[in-house]
Amino acid sequence: MASSAKAAAPKSTATPKAAAPAAKKSTAGGNGKSTAGANAGKGAGSNAAVDIQPRLNQQQNAPSPTQRYGTVSQRLPIGLSEPTRRDSVTMLNQLLADTITLRDMYKKHHWQVVGPTFYQLHLLFDKHYEEQAVLVDAIAERIQILGGVAVAMAHDVAELSSIPRVPRDREEAPVQVSRLLDGHQRILKNCHDYADKADEAGDDGTNDLIVSQLVRTNEMQVWFVAEHVVDSPLTQAE
């Protein structure tokens, strides 16, 4: 007799898989439209919470400035009193305005110099421009370290600088050199005065900046520039 029918396979005891969660529906806005639709045209991309459109014209009706020029903040504990820091910032802003002016004077003369020594002065003026630019940054950073606000814009620099305004005209090389030497001398006179005051006040950082960077750089540049106007005619060898 044929074997009896195979016994029915036992039922699986495995827990049935949970059904996939239903996709979230877009949250409807008050007017029945989805959030995505509500953000359309507002710069919303894949992240509807972010508006990537720039917010322009924030200078109009702006709130009070973060810090007013002429004040010093208390945010950096560098061991100097507020009056000392304020006095140093005032001196450094004067040096900064004069250094920016001298820097730009070098660039003007670099472009406009003419004559038999054009090549030498063209290169020298640009080299000195770069060195003065380094000083500008060093002075401005020291002002910020002291908690002050560094003068920056051209119109403010022009008002503060002690160096006379240079004419727009193109001038002969000896005149350019003389203007540069006068600018250097004005800065160096202030440097000697301000270094002494910073030393007396115990502001060693400002004293070091003035002596080791400003004085030495300006004195070296005076030497290189002044030698170009020495009255030393060529002589014919016998």
Distance (nanometres) between label positions extended 7 Å along Cα→Cβ at MET153 and THR66 | 1.6 nm
Accessible heavy-atom area order of LYS197, LYS108, highest first, probe of 1.4 Å | LYS197, LYS108
Once the Cβ-Cβ distance between LYS189 and VAL114 is put in as r, and R0 is 35 Å, what FRET efficiency do you end up with, to the nearest 0.05?
-> 0.70
Fraction in percent of alpha-carbon pairs per bin - 5 Å, the range 95-238 | 2, 9, 19, 21, 18, 13, 8, 5, 3, 1, 1, 0, 0, 0
On full extension of the chain, what length is gained from GLU141 through VAL211, given 0.36 nm per residue of separation minus the C-alpha to C-alpha distance?
-> 23.6 nm
Using bins 10 angstrom wide from zero, how does P(r) for the range 155-238 break down, in % of all Cα pairs?
-> 15, 34, 31, 14, 5, 2, 0
For the range 193-238, rounded, prolate or oblate, judged on the Cα gyration tensor with a ≥ b ≥ c (square roots of eigenvalues), a/c < 1.5 rounded, else prolate if a/b > b/c?
-> prolate
Phi angles of the range 136-152, converted by Karplus (6.51 cos²θ - 1.76 cosθ + 1.60, θ = phi - 60°) into ³J(HN,Hα) in whole Hz with x for Gly and Pro, give 4, 5, 5, 5, 4, 5, 5, 4, 5, 4, 6, x, x, 10, 7, 5, 9
At 7 Å along the Cα-to-beta-carbon direction for both VAL230 and LYS127, put a label point, then send me their distance in nm to one decimal.
-> 1.6 nm
Inverting the mean 1/r over all pairs of different Cα atoms, compute the Kirkwood radius of the range 46-111 and quote it in Å.
-> 16.6 Å
Hey, any idea what % of the range 44-185's accessible area is carbon plus sulfur with a 1.4 Å probe?
-> 54 percent
Consider all pairwise Cα distances in the range 76-166 and report the whole-number % of them above 17 Å.
-> 55 percent
Listed highest first by mean packing, meaning other Cβ atoms within 10 Å per residue, what order do 48-54, 221-227, 66-72 come in?
-> 221-227, 66-72, 48-54
Karplus-derived 3J(HN,Hα) from phi for the range 84-100 (6.51 cos²θ - 1.76 cosθ + 1.60, θ = phi - 60°), whole Hz, x at Gly and Pro, runs 5, 5, 5, 5, 5, 4, 4, 5, 5, 5, 5, 5, 5, 4, 5, 5, 4
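The values are calculated or read from the model by the stated rules, or taken from the named source; none is laboratory data. This is a predicted model, so every value here is computed, not measured. We place every Cβ from the backbone using ideal geometry, glycine too, and count neighbours over all the protein chains shown. Just so you know, the surface numbers come from the protein's heavy atoms only, side chains and all, with ligands and any DNA or RNA stripped out. Shrake-Rupley method; radii C 1.70, N 1.55, O 1.52, S 1.80 Å.
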